[in-house]
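Engineer: Mind looking over this structure? Questions follow.
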Amino acid sequence: MRILKFIGVAIGSLVLVFFLVFGFNLDALNTLFKNSGDLQEGQEWVSKTTSLKDLTEYIAANPRNVSVVSQSSINPDTTINFRGDESRTMGTLSNFFLITTYARLVEADSLNPKELISIKDTDVYQVPFIDASNHDDAINFLENKGAITSDNETSLHELVKAAIIFNDLAISDYLYFRLGQNAILNTMDKLELSDTDVPLPFSGLYITLNPAITEKDFLTHFEQLQTLSRQSFEDTVLAKAHQFQTDSLYRQRVLRTFETNDGLKIQFSERRDMLDLFPATTAQELSELMVQLENNELLSQPISRRVKEIMDWPFEQQSLNSDFNHYGAIYDSRLGLLNGIDYGASTYSGEPFGQAVFFDSLQVAFWFHMSSNLMHQDYQQRLMWDPALRETTLQQINN
């Protein structure tokens, strides 16, 4: 009886989280009904995973879904490396290369961080129902802190920080085109990356991946995209993003399609699976960049400091000063994907770390469970300052 009660509570919590994410309305209820099968995926792990210790057991039992690399910049013997070379979806972790490019251009006096940018210039990159609330939250945040002028403008630097804090895809795309792909590629060349795809505009990604645009079912559309070479897929995404901004008729068609379908009219599991075509990287490569950043060696000391000023938002906003001397991160959460990169040093040991953690292609129910509790963020932060969690993680992955 106690087990049945626990399962009932777990399912009830899952349904509550669903409505908090998608809203309390008939459309959300219809979406829940259509995805009832997907919401059973990983249900057994929802009840099993109520602590970070339990999460380490999930990691060991589901190695194809997880990569964890945690490197000390002063003590290599403490490194945790679990499937660090596995290719994983970046999501908004690709913004790291945008902010590094931004910092590099500012240091070269090619960009003025105080330049005022119209909010409307970012609005045009928003695709209906694709993380639209993140863009609203970012603009509201800027308004509340008095960073938007009476002419509805804000500084370039404030836009960059808001994009990272709120995972604002519209601002990310604005920055992508403002900085320019050549500048971003130049940054990646300077970082000497070998396992990381070039970032792509999110508007172009979602337009390309939406089967309703081509009036096909998801499986047919997805399989056709999978036959493309990586270069052809990237060229298609860039072309769609550019057309969305320059061709008014095409733009209206895209907006109408996304609005009519409330975004992507596909199953939860299909939304997860389509992330396989997003730009990818490895935990090993990104963790090494985090170690460079921690040591102020990311391209240069001035560039490292500028990037840290953008990434240190969790330390400022989440009251982490009792556990960390300093800390910075970029996280992402989209259906089936939870990941993050971070750097920092705890107040207990003072040992500096650079980390990259990926929970990729997660079972649908388990993703809702983890994302609603921000478990991936908690896990990454604790991994830096909690020796017991590090030891438990090592024991589980070694087993």
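The values are calculated or read from the model by the stated rules, or taken from the named source; none is laboratory data. Keep in mind the model is a prediction, meaning the values are calculated, not measured. All Cβ positions, even for glycine, are placed from backbone atoms using ideal geometry, and neighbour counts span all protein chains on display. Note: areas computed on protein heavy atoms with side chains; ligands, DNA, RNA excluded. Shrake-Rupley method; radii C 1.70, N 1.55, O 1.52, S 1.80 Å.
Engineer: Hey, what's the stretch 334-399 come to in accessible area per residue, 1.4 Å probe, Å²?
Structural biologist: Working: 1920 Å² over 66 residues.
I get 29 Å² per residue for this part.
Engineer: Is the stretch 60-219 rounded, prolate or oblate when judged by the Cα gyration tensor, a ≥ b ≥ c being the square roots of its eigenvalues, rounded requiring a/c under 1.5 and prolate requiring a/b larger than b/c? Show your work: numbers first, answer last.
Structural biologist: Working: a/c = 1.81, a/b = 1.27, b/c = 1.43.
It comes out oblate by the Cα gyration axes.
Engineer: Summing +1 for each Lys or Arg and -1 for each Asp or Glu, what net charge is found among the other residues whose Cβ lies under 13 Å from the Cβ of GLU309? Kindly include the intermediate steps, with their values, before the conclusion.
Structural biologist: Working: positive: LYS161, ARG305, ARG306, LYS308; negative: GLU107, GLU158, ASP312, GLU316.
Around GLU309, the charge tally is 0.
Engineer: Projected onto the charge dipole of the chain (+1 at Lys/Arg Cβ, -1 at Asp/Glu Cβ, origin at the Cα centre), which of THR208, PRO314, ALA103 gives the Cα projection farthest towards the positive end?
Structural biologist: THR208
Engineer: Treating only the Cβ atoms of Lys and Arg (+1) and Asp and Glu (-1) as charged, compute the dipole magnitude of the stretch 80-178 about its Cα centre; round to the nearest 20 debye.
Structural biologist: Value, rounded to 20: 280 debye.
Engineer: Quick check on packing: order 50-58, 381-389 by the mean number of other C-beta atoms within 10 Å, highest mean leading.
Structural biologist: Working: 50-58: 16.9, 381-389: 18.4.
Descending mean neighbour count gives 381-389, 50-58.
Engineer: How would the stretch 206-361 be classified by its alpha-carbon gyration tensor: rounded, prolate or oblate, with rounded meaning a/c under 1.5 and the a/b versus b/c comparison settling the rest?
Structural biologist: Values: a/c = 2.36, a/b = 2.25, b/c = 1.05.
In terms of gyration-tensor shape, prolate.
Engineer: For the full complex of protein chains and a 1.4 angstrom probe, list ASP378, ASP173, ASP151 by accessible area with the highest value first. Show your work: numbers first, answer last.
Structural biologist: Details: ASP378 65, ASP173 0, ASP151 115 Å².
Greatest to least solvent exposure: ASP151, ASP378, ASP173.
Engineer: Going highest first, how would you order 316-324, 240-248, 353-361 by mean Cβ packing within 10 Å?
Structural biologist: Values: 316-324: 13.6, 240-248: 15.8, 353-361: 25.9.
So the order, starting with the most tightly packed, is 353-361, 240-248, 316-324.
Engineer: Rounded to a whole number, what is D in µm²/s for the stretch 104-189 from Stokes-Einstein with the Kirkwood radius over alpha-carbon pairs (10 °C, 1.306 mPa s)? Walk me through the numbers before you get to the answer.
Structural biologist: On the way: Rh = 13.3 Å.
My calculation gives 119 µm²/s for D.
Engineer: May I ask you to derive the relative contact order of the chain, considering only C-alpha pairs under 8 Å and at least 6 residues apart, and to give it as an integer percent? Show your work: numbers first, answer last.
Structural biologist: Details: 603 pairs, mean separation 99.1, N = 399.
With pairs under 8 Å counted, the relative contact order is 25 percent.
Engineer: Still on this structure, I have one more. If you place +1 on the Cβ of every Lys and Arg, -1 on the Cβ of every Asp and Glu, and leave all else neutral, what size is the dipole of the stretch 222-374 about its Cα centre, to the nearest 20 Debye? Each step should come with its number before you reach the end.
Structural biologist: On the way: 12 positive and 21 negative charges, 127 e Å.
Value, rounded to 20: 600 debye.
Engineer: Same structure again: Ratio to report: Rg/Rh of the stretch 28-123, with Cα atoms as the point set and Rh obtained by the Kirkwood method; give two decimals. Write out the running numbers ahead of the final one.
Structural biologist: Numbers: Rg = 21.2 Å, Rh = 18.5 Å.
My calculation puts Rg/Rh at 1.14.
Engineer: Next question, about the same structure. Hey, what's the Kirkwood Rh for the stretch 208-300 if you take every pair of different alpha carbons, in angstrom? Write out the running numbers ahead of the final one.
Structural biologist: Values: mean 1/r = 0.0637 Å⁻¹.
The Cα-based Kirkwood calculation yields 15.7 Å.
Engineer: For GLN395 and GLN245, what is the calculated FRET efficiency with R₀ set at 30 Å and r taken between the beta-carbons, to the nearest 0.05?
Structural biologist: Values: r = 51 Å, r/R0 = 1.70.
Efficiency at R0 = 30 Å is approximately 0.05.
Engineer: Ignoring ligands, DNA and RNA, what accessible area per residue does the stretch 108-223 give at 1.4 Å, in Å²?
Structural biologist: Numbers: 5010 Å² over 116 residues.
So the stretch 108-223 comes to 43 Å² accessible per residue, rounded to a whole number.
Engineer: For the stretch 293-399, what is the relative contact order in percent, using Cα pairs closer than 8 Å and at least 6 residues apart in sequence?
Structural biologist: Details: 147 pairs, mean separation 21.1, N = 107.
Over the stretch 293-399, the number comes to 20 percent.
Engineer: Right, another one. Pick out, from THR260, LEU335, ALA365, the residue whose Cα sits farthest towards the positive end of the charge dipole of the stretch 246-399, with +1 on the Cβ of Lys and Arg and -1 on the Cβ of Asp and Glu.
Structural biologist: THR260
Engineer: While we're here: Using alpha-carbon pairs under 8 Å, 6+ residues apart, how would you state the relative contact order of the stretch 228-378 in percent? Walk me through the numbers on the way to the answer.
Structural biologist: On the way: 180 pairs, mean separation 29.7, N = 151.
Reported relative contact order: 20 percent.
Engineer: How are the alpha carbon pair distances in the stretch 127-166 distributed across 10 Å bins from zero to the largest one, expressed in percent?
Structural biologist: Reading upward from the zero bin: 30, 54, 16.
Engineer: Additional query: The stretch 141-265: percent of C-alpha pairs farther apart than 20 Å? Walk me through the numbers before you get to the answer.
Structural biologist: Numbers: 4344 of 7750 pairs.
Everything past 20 Å amounts to 56 percent.
Engineer: Run the paramagnetic zone check for ASP54: 7 angstrom along Cα to Cβ, then residues of the stretch 366-397 with backbone nitrogen under 15 Å.
Structural biologist: Answer for this model: 366-376, 379.
Engineer: Also: Mind checking the dipole of the chain: about its Cα centre, +1 per Lys or Arg Cβ, -1 per Asp or Glu Cβ, Debye to the nearest 20? Walk me through the numbers before you get to the answer.
Structural biologist: Values: 30 positive and 53 negative charges, 137 e Å.
Its charge dipole is roughly 660 debye.
Engineer: Excluding LYS190 itself, what net charge comes from residues whose Cβ is under 13 Å from its Cβ, given Lys and Arg +1 and Asp and Glu -1? The partial results should precede the final answer.
Structural biologist: On the way: positive: ARG104; negative: GLU107, ASP189, GLU192, GLU297.
Computed value for this residue: -3.
Engineer: Rounded, prolate or oblate, given the Cα gyration tensor of the stretch 306-399, with a/c below 1.5 counting as rounded?
Structural biologist: Working: a/c = 2.06, a/b = 1.26, b/c = 1.63.
In terms of gyration-tensor shape, oblate.
Engineer: Which residue, chosen from SER300, GLN126, THR187, occupies the Cα position most advanced towards the positive end of the dipole of the chain, where the dipole is computed from +1 (Lys, Arg) and -1 (Asp, Glu) charges on Cβ about the Cα centre?
Structural biologist: Toward the positive end, the furthest listed residue is GLN126.
Engineer: Counting only protein heavy atoms and using a 1.4 Å probe, what share of the accessible area of the chain belongs to carbon plus sulfur, as a whole percent? Provide the component values of the computation, followed by the final result.
Structural biologist: Numbers: 8250 of 17180 Å².
After summing per-atom areas, the C and S share lands at 48 percent.
Engineer: A further question on this structure: Under a 10 Å cutoff between Cα atoms, tell me which one of ALA212, ALA345, ALA61 has the largest fluctuation in the Gaussian network model of the chain.
Structural biologist: Of the options given, ALA61 has the highest mean-square fluctuation.
Engineer: Can you pull the one-decimal nm distance between simple spin-label points at SER133 and ASP262, each 7 Å off the Cα toward Cβ?
Structural biologist: 1.3 nm
Engineer: Separate question: What distance in nm separates the simple spin-label points at SER47 and THR78, each placed 7 Å from Cα in the Cβ direction?
Structural biologist: Taking the simple label geometry, SER47 and THR78 are separated by 3.8 nm.
Engineer: Out of all Cα-Cα pairs in the chain, roughly what percent, to the nearest whole number, are more than 39 Å apart?
Structural biologist: Distances greater than 39 Å cover 16 percent of the Cα pairs.
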